[in-house]
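No value in this document is a laboratory result; all are computed from the given coordinates. All values reported here derive from a predicted model rather than from experimental measurement. Quick reminder, even Gly has a Cβ in these numbers, built from the backbone with ideal geometry, and neighbours come from all protein chains shown.
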Amino acid sequence: MIYTDKLRNIHRWITGKWFVIMIFCFQLLSLKTVHAQTMSVNTDLLMDVLQTPSLGLEFVTGNSTTVGVNAMMNNKPWGKDIKLFMVQPELRYYFSRRAMHHHFVGFCVPIGTYRIEGEEKVYDGYGVGVGITFGYVMSLASHWTLDFHAGVQNFFYKQKEYYQGDPYDERYIRDGQHTTNARGTYFLPTRIGVSIGYLF
């Protein structure tokens with residue numbers, strides 16, 4: 001019931017953000033021409049080492065531009081009480097005038113849910129961010145690339161925040177549904193890592 005309520009809240013909140021819908025529409029439109037363009041499948045090596053497996057797709061949409069999406073998730077990495085699922089659409093511009101080659105700047109919209117259980121408090125929420133990324137893509141072989149990237153984002157969140165042992169779900173109910181009791185923004189890093197990719 002709790003996670004059903006969370007999914008309903010996520011749907012209401014995200015669908016109210018017009019810029020998120022526009023990013024996904026742009027993503028879908030670009031997929032229509034993938035048969036005539038270059039595609040890269042990649043995984044972030046740093047996230048994999050941190051026990052947060054990731055998988056990404058990137059499609060060439062012009063001489064200097066690509067559009068992609070990266071997903072990552074974890075469940076108790078290194079024995080910590082953390083659960084995370086994140087999807088990040090991204091539009092990139094390559095300064096070399098050749099897509100997936102050398103320096104780039106990107107615009108991204110991370111969307112995700114999380115649950116973090118500390119020694120005293122629990123943070124159970126979801127959110128969406130708006131960010132910018134920078135990086136460099138180098139060729140390793142005819143089909144292999146190495147992607148160095150880092151960025152920053154402003155992350156807007158809603159969450160349940162309570163002390164361990166508190167009967168949260170009994171206190172915060174509105175119209176028969178569990179509600180969040182905290183919201184705000186964080187200025188956070190986004191996608192700091194190194195990805196290895198395969199070009200098709």
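When each of the peptides 157-167, 190-200 is scored by the mean number of other C-beta atoms lying within 10 Å of its residues, the order from highest to lowest reads 190-200, 157-167. Using only Cα positions of segment 38-85, each an equal point scatterer, no hydration layer, compute I(q)/I(0) via Debye at q = 0.14 Å⁻¹ and quote the log10 values to two decimals. Calculated log10 I(q)/I(0) at the listed q: -0.43. Relative protection proxy for 107-117, 70-80, from highest mean packing down: 107-117, 70-80 (other beta-carbon atoms within 10 angstrom).
Compute the length gained on full extension between Thr38 and His143: take 0.36 nm times their separation in residues and subtract their Cα-Cα distance, giving the result in nm to one decimal.
Once the chain is fully extended between Thr38 and His143, it gains 36.7 nm.
Normalised by the number of residues in segment 59-143, the mean separation of alpha-carbon contacts (under 8 Å, six or more apart) gives a relative contact order of 25 percent.
Normalised by the empirical 2.2 N^0.38 Å for globular proteins, what value does the Cα Rg of segment 97-164 take?
Rounded to two decimals, the normalised Rg is 1.62.
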